[in-house]
Amino acid sequence: MSNKSSKQLFTNPRWCKGCGICVEFCPQKVLGLVKQKIRILAPENCTKCGLCELRCPDYAIWLEEEEVND
């Protein structure tokens, strides 16, 4: 069995102030604002580029490494 590492996208809507910067910078239109809070609307389209994490001033969205077992 081999272990692979992959990234997973996470959000914390409680930290989100609804500025929409991450939504604007997402090249795949994965993110959206629902009631002025960040939501992952199309996770299957995410390329894990990290632009959303880089641009979020509230640290409300991030990519985290996860170990995947084959």
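The values are calculated or read from the model by the stated rules, or taken from the named source; none is laboratory data. All values reported here derive from a predicted model rather than from experimental measurement. When we count neighbours, we look across all protein chains shown, and the Cβ atoms used for this are built from the backbone with ideal geometry, even at glycine. What goes into the accessible areas is simple: the full protein's heavy atoms, side chains included, and nothing from ligands, DNA or RNA. Shrake-Rupley method; radii C 1.70, N 1.55, O 1.52, S 1.80 Å.
Within segment 50-65, can you find the residues that are among the acidic types (Asp, Glu), open to solvent by 70 Å² or more (accessible area, probe 1.4 Å) and more than 10 Å from the chain's Cα centre (by Cα)?
Let us first name the residues in segment 50-65 that are among the acidic types (Asp, Glu), namely 53, 58, 64-65.
Then keep just the ones that are open to solvent by 70 Å² or more (accessible area, probe 1.4 Å); that gives 53, 64-65.
Within segment 50-65, 65 is the sole residue that qualifies.
If the requirement is being at pLDDT 95 or above and of a type in the set (S, T, N, Q), which of these qualifies: 3, 12, 69? Steps first, answer last, please.
Values: 3 fails: at pLDDT 95 or above; 69 fails: at pLDDT 95 or above.
Only one candidate passes the filter, namely 12.
Give all pairs with beta carbons closer than 9 Å in which a residue from segment 57-68 that is free of Cβ contacts under 8 Å to residues at least 60 places away in the same chain meets a residue that is in a loop (DSSP other than H, G, I, E, B) and loosely packed, with under 10 Cβ neighbours inside 10 Å; count only pairs at least 6 apart in sequence or on separate chains.
60/14
So how many residues does segment 11-49 have that are under 17 Å from residue 65 (Cβ atoms) and either among the charged types (D, E, K, R) or surrounded by 13 or more Cβ atoms within 10 Å (Cβ to Cβ) (or both)?
Keep residues of segment 11-49 that are under 17 Å from residue 65 (Cβ atoms), which gives 11, 43, 46-49.
Those left that are additionally either among the charged types (D, E, K, R) or surrounded by 13 or more Cβ atoms within 10 Å (Cβ to Cβ) (or both): 11, 46, 48-49.
The total comes to 4.
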